[in-house]
Amino acid sequence: MAEKTPTPDERLQLEFNRWAEEGEGEKMERHHLNITEKTIRLMDLRPGERVLDLGCGAGWATRLLARLTGEGPEGFGQVVGLDVSDEMIHRARAASKDFDNILYVWGSAQQIPWEENFFDKMLSVESFYYYPDQERVLAELFRVMAPHGRMFILINLYKDNPYSLQWVDQLKVPVHVRSEAEYIELLKKHAFEKVEARRIPDDTPTPDDYQTKSFRSLEDLRAFKRIGALLLMASKPDVRNPAPGYTIY
Ligand SMILES: C[S@@+](CC[C@H](N)C(=O)[O-])C[C@H]1O[C@@H](n2cnc3c(N)ncnc32)[C@H](O)[C@@H]1O
């Protein structure tokens with residue numbers, strides 16, 4: 001019998017399960033911590049908030065989010081980590097046993113298994129460019145974000161950082177390579193408001209004996225970090241309120 005061709009999400013699942021088995025999920029903390037901490041500071045998280053970590057991998061950032069939204073005078077926050085790789089989800093769960101405000105869910109960003117108008121904040125670290133249908137993901141995010149909910153999408157691979165393009169050919173799954181301007185246009189097209197972009201440089205030092213397979217030289221790696229990741233921020237409008245001059249009957 002002919003083998004069934006895997007769907008784009010199944011391909012991603014297989015590839016990132018392999019990464020998880022090779023311990024890459026945990027190693028990514030080292031590579032992404034600096035830019036993620038800077039982003040989390042901009043998220044202005046408060047106890048009681050509901051946060052989605054989209055493409056959570058091994059869950060290290062999910063745990064940072066959970067600490068900041070746990071218990072407080074304003075209530076008990078909840079963090080949901082979602083990933084298409086079941087192996088990443090297993091590892092994230094195993095490492096988060098001490099947290100009672102995290103739920104890890106195996107699923108696709110293209111079909112977020114969650115209710116409407118739920119999340120106050122959303123973080124996605126180094127995951128968005130893998131999503132086969134980014135427009136569908138934005139439609140899903142529009143559905144699950146709460147009115148005024150704010151999204152923070154960190155992207156290391158984008159046109160305006162030419163050094164990042166050195167590792168596209170090494171990836172075993174297709175990716176989107178867009179520019180900051182193209183991403184802004186996409187977010188606006190999906191009716192998000194307060195759309196902003198920033199560069200988040202990575203200021204961890206690169207030692208002279210550092211081994212890199214992803215970059216042609218250490219100088220290129222340093223230049224990549226100096227230019228930094230692209231952070232996209234956008235809010236869901238309050239669709240419950242009619243625009244001025246309109247009445248909802
Ligand atoms: C480069 S890793 C980053 C993981 C984590 N955010 C971190 O920084 O350590 C990309 C992650 O996105 C997940 N991912 C890729 N495509 C996805 C999809 N369609 N839906 C949900 N997660 C996806 C992968 O399984 C992987 O864990």
Loop only by DSSP, 11 or fewer other Cβ within 10 Å of the Cβ. Give me the trypsin sites (Lys or Arg not before Pro) in region 14-112 that pass, ordered by residue number. Lys97
For the chain, would you read off the P(r) tail past 34 Å as a percentage of all alpha carbon pairs? 16 percent
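Of all GluC sites (Glu not before Pro) in region 1-105, which ones are in loop regions per DSSP and have a Cβ with at most 14 other Cβ atoms within 10 Å?
Glu3, Glu22, Glu74
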So for region 1-54, taking the charge dipole from beta-carbon charges (+1 Lys/Arg, -1 Asp/Glu), which of Met28, Phe16, Val51 sits furthest toward the positive end? Val51
For every helix of n ≥ 4 consecutive DSSP H residues, a contribution of -39,500 (n - 2.57) applies; sum these over the chain, divide by its total residues, and give [θ] at 222 nm rounded to the nearest 500 deg cm²/dmol. -10500 deg cm²/dmol
Can you find, among Gln211, Tyr129, Val105, the residue farthest towards the positive end of the dipole of the chain? Put +1 on the C-beta of Lys and Arg, -1 on that of Asp and Glu. Tyr129
Nothing charged except the Cβ atoms of Lys and Arg (+1) and of Asp and Glu (-1): what's the magnitude of the dipole of the chain about its Cα centre? Round to the nearest 20 debye. 460 debye
Hey, what did region 107-156 get for relative contact order, percent, Cα under 8 Å, at least 6 apart? 54 percent
List the lysines whose alpha-carbon lies under 24 Å from that of Lys236, not counting same-chain residues fewer than 8 positions away? Lys38, Lys121, Lys188, Lys189, Lys194
Computed over the chain: relative contact order in percent, which uses C-alpha pairs under 8 Å that are six or more apart: 17 percent
How large is the charge dipole for region 101-207, taken about the Cα centre, if only the Cβ atoms of Lys, Arg (+1) and Asp, Glu (-1) carry charge, to the nearest 20 debye? 60 debye
Projected area averaged over all directions for the convex hull of the alpha carbon atoms of region 61-200, nm², comes out at 9.3 nm²
Residue of Gly59, Gly70, Gly23 that the Gaussian network model of the chain assigns the largest fluctuation, springs spanning Cα pairs under 10 Å: Gly23
Assuming a ≥ b ≥ c are the square roots of the Cα gyration tensor eigenvalues, decide whether region 50-117 counts as rounded (a/c under 1.5), prolate (otherwise, with a/b larger than b/c) or oblate. oblate
With a cut-off of at most 10 other beta carbons within 10 Å, and DSSP calling the residue loop, which GluC sites (Glu not before Pro) in region 105-145 qualify? Please list them. Glu115, Glu116
List the extent of the Cα atoms of region 1-116 along each of their three principal axes, largest first, rounded to whole Å. 60, 33, 26
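Read-outs: derived from the displayed coordinates by stated rules, not from any lab. Note that the structure is a prediction, hence the values are computed from the model and not measured. Every residue, glycine as well, gets a Cβ built from its backbone with ideal geometry; the counts of neighbours run over all protein chains shown.
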